[in-house]
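Asker: Once you've had a glance at the structure underneath, I'll fire off some questions.
The values are calculated or read from the model by the stated rules, or taken from the named source; none is laboratory data. This is a predicted model, so every value here is computed, not measured. With ideal geometry, Cβ positions are generated from the backbone for all residues, glycine too; neighbour counts draw on all protein chains shown.
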Amino acid sequence: MKLASIDVGLKRIGVAICLNTNIVMPQNAILRKNRIQAARDVNIFLKEWGIEKLIVGLPLNAESSEEMERRIKHFVSLLELTIPVAYQDEQSSSIEAKELTQGIFRHTKDGKIDSIAAKIILERYLTK
């Protein structure tokens, strides 16, 4: 089954895919100008890759997690999905992504960290 995960942020959406077995690959992040454009770009991405299930990171048990959960679920509702959606705890995935990439590349605002966080979210989903 072809899986994709997204790490929804206010400025960028990290994206990762797993096309077969358990190899998860981060993809270029989607830069978010507004939620309509971001939802359209996510829809295009999912269709281009033939994704069969979407995994969405949710910040469970964190400060202000209720507000972010509401925003993320609203964003997911904007997607034109005909595939199942599963939610996965994304607690500290961005911190883990920064630690994993320390010294490998500069931490700029290009979305690399966001997509590595999406990779971590998908790996967590696959191992549960």
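Asker: Considering only residues that are modelled with pLDDT of 90 or more and surrounded by fewer than 18 Cβ atoms within 10 Å (Cβ to Cβ), which ones fall in region 85-122?
Answerer: Correct list: 85, 86, 87.
Asker: I'd like the residue in region 23-48 that is charged (D, E, K, R) and closer than 20 Å to residue 70 by Cβ and, out of all such residues, is surrounded by the most Cβ atoms within 10 Å (Cβ to Cβ).
Answerer: Taking region 23-48 as the starting set, the residues that turn out to be charged (D, E, K, R) are 32-33, 35, 40-41, 47-48.
Then drop every residue that is not closer than 20 Å to residue 70 by Cβ, which leaves 32, 35.
On the way: 32: 20, 35: 14.
Per the stated criteria, the residue is 32.
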